[in-house]
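Supplied in structure tokens, the structure appears directly below.
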Amino acid sequence: MDFDFTTLPEADRYRLLCSFVGPRPIALVTTVDDRGCQNAAPMSFFNVFSHAPPLLILGMQTRGDGSEKDTVANIRRSGEFVAHMVDLTIAEEMIVTSVSFPSDVDEIQFAGLTSTPSVQVSAPRIKESPCAMECRVAQILDYERRSIVIGEVVQMYVRDECLDQAGRYVQPEVYQPIARLHADNYIASDNQFVLKSP
């Protein structure tokens, strides 16, 4: 089948792209608003973009009525956020944070997660996450209803048991992030295998 994306409705483009470009890593992003209220929201339009400089990219769409979501508004105002990786131990809590709560609801607390201060940014870190990357905004690109946020990682936290004793390499039997496939389908990275370059 061929699909002409210049004429295909938006919902169909989303369905096809998200069904075949996967699994997509999930960033559980925390921010803080101008009143100090903490916000957490999962993003599956997310990936690492570069290591020199260390850049992450987030893609966020407006609400159905065209208004900006809290995460984007907070990032624009503060210029900071924390991107957390999600594993099976916090998968259920991550889904809770995806609900469209009023702006004054602390999704971290509501989901039963624990916030702890970050080292270099004002947005909180989620204690239960295996990995957290504190970021400062490098650039925001606005394209129709989508904001593309490029963040520079300024501090990274990794749970001790996720790395070997030297702190260099991931322990694949311990660090098993989940990723999003299509619709409500997710995948765990508990069936890893090694391929070496010839």
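The values are calculated or read from the model by the stated rules, or taken from the named source; none is laboratory data. Just so you know, these numbers come straight off a predicted model, no measurement behind them. Counting neighbours? That spans all protein chains shown, and the Cβs are built from the backbone with ideal geometry, glycine included. Each accessible area value is taken on the protein alone, full model and side chains, heavy atoms only, with ligands, DNA and RNA left out. Shrake-Rupley method; radii C 1.70, N 1.55, O 1.52, S 1.80 Å.
For the chain, with only Lys/Arg (+1) and Asp/Glu (-1) charged at the beta-carbon, what is the dipole magnitude about the Cα centre, in debye rounded to 20?
With Lys and Arg at +1 and Asp and Glu at -1, about 400 debye.
Kirkwood Rh over Cα pairs of region 26-111 into Stokes-Einstein at 20 °C, 1.002 mPa s: D in µm²/s? Provide the component values of the computation, followed by the final result.
Details: Rh = 13.4 Å.
Estimated diffusion coefficient is 159 µm²/s.
Identify, among 9, 117, 29, the residue whose Cα sits farthest towards the positive end of the charge dipole of region 1-147, taking +1 on the Cβ of Lys and Arg and -1 on the Cβ of Asp and Glu, with the dipole about the Cα centre.
The listed residue farthest towards the positive side: 117.
So for region 84-198, averaging the separation of alpha carbon pairs under 8 Å that are six or more residues apart and normalising by length, what relative contact order in percent results?
Numbers: 156 pairs, mean separation 24.0, N = 115.
Worked out over region 84-198, it gives 21 percent.
Something else: Using the Cα centre as the reference, give the magnitude of the dipole from point charges on the C-beta atoms of region 1-76 (Lys, Arg: +1; Asp, Glu: -1; all else neutral), rounded to the nearest 20 debye. All intermediate terms of the calculation are to be shown ahead of the outcome.
Values: 7 positive and 9 negative charges, 49 e Å.
That gives region 1-76 a dipole magnitude of about 240 debye.
If ligands, DNA and RNA are left out, what is the accessible area of residue 131 with a 1.4 Å probe, given in Å² to the nearest 10?
For residue 131, the solvent-accessible surface is approximately 10 Å².
Something else about it: Let me know the longest stretch in the chain that avoids all GluC sites (Glu not before Pro) found in a DSSP loop with at most 12 other C-beta atoms within 10 Å. The partial results should precede the final answer.
Values: sites that count: 144, 173.
Within the chain, the longest run free of exposed GluC sites (Glu not before Pro) spans 1-143.
Once you have all Cα-Cα distances for the chain, histogram them in 5 Å bins from zero and send the whole-percent values.
1, 7, 14, 19, 21, 17, 11, 6, 3, 1, 0, 0
Between residue 16 and residue 173, what is the label-to-label distance in nm when each label sits 7 Å out along the Cα-to-Cβ direction?
4.4 nm
Exposed loop sites here are chymotrypsin sites (Phe, Trp or Tyr not before Pro) in DSSP loop states with at most 12 other C-beta atoms within 10 Å. What is the longest stretch of the chain lacking them? Could the numbers behind the result be given before it?
Details: sites that count: 3, 5, 169, 193.
Formally, the longest exposed-site-free interval is 6-168.
How much accessible area per residue does the chain have, in Å², with a 1.4 Å probe?
On the way: 11700 Å² over 198 residues.
That works out to 59 Å² per residue.
A further question follows. Kindly identify region 137-198 as rounded, prolate or oblate by the Cα gyration tensor criterion: order the square roots of the eigenvalues as a ≥ b ≥ c, call it rounded if a/c is under 1.5, otherwise compare a/b with b/c, prolate if a/b is larger, else oblate.
Working: a/c = 2.22, a/b = 1.44, b/c = 1.54.
Taking the square roots of the gyration eigenvalues as a ≥ b ≥ c, region 137-198 is oblate.
Just to verify a number: FRET efficiency for residue 33 and residue 191, C-beta to C-beta distance, R0 = 45 Å, to 0.05?
Working: r = 40 Å, r/R0 = 0.89.
The computed FRET efficiency comes out at 0.65.
Another question, then. Share of the chain's accessible area from carbon and sulfur, percent, 1.4 Å?
Values: 6370 of 11700 Å².
Here carbon and sulfur together make up 54 percent of the probe-accessible area.
I would also like to ask the following. Nearest 500 deg cm²/dmol is fine: what mean residue ellipticity at 222 nm does the chain get from its DSSP H runs of n ≥ 4 alone, each adding -39,500 (n - 2.57), divided by its residue count? Before the final figure, lay out the partial values.
Values: 4 runs with 31 residues, N = 198.
Rounded to the nearest 500, the figure is -4000 deg cm²/dmol.
Additional query: Is the C-alpha gyration tensor of region 92-197 telling us rounded, prolate or oblate? Criteria: a/c under 1.5 is rounded; beyond that, a/b larger than b/c is prolate, otherwise oblate.
Numbers: a/c = 1.41, a/b = 1.34, b/c = 1.06.
Judged from the Cα gyration tensor, region 92-197 comes out rounded (a/c under 1.5).
Sticking with this structure for a sec: With an 8 Å Cα cut-off and a minimum separation of 6 or more residues, compute the relative contact order for region 1-141 in percent. Display every interim value, and only then the final one.
Working: 228 pairs, mean separation 34.7, N = 141.
It comes to 25 percent, rounded to a whole number.
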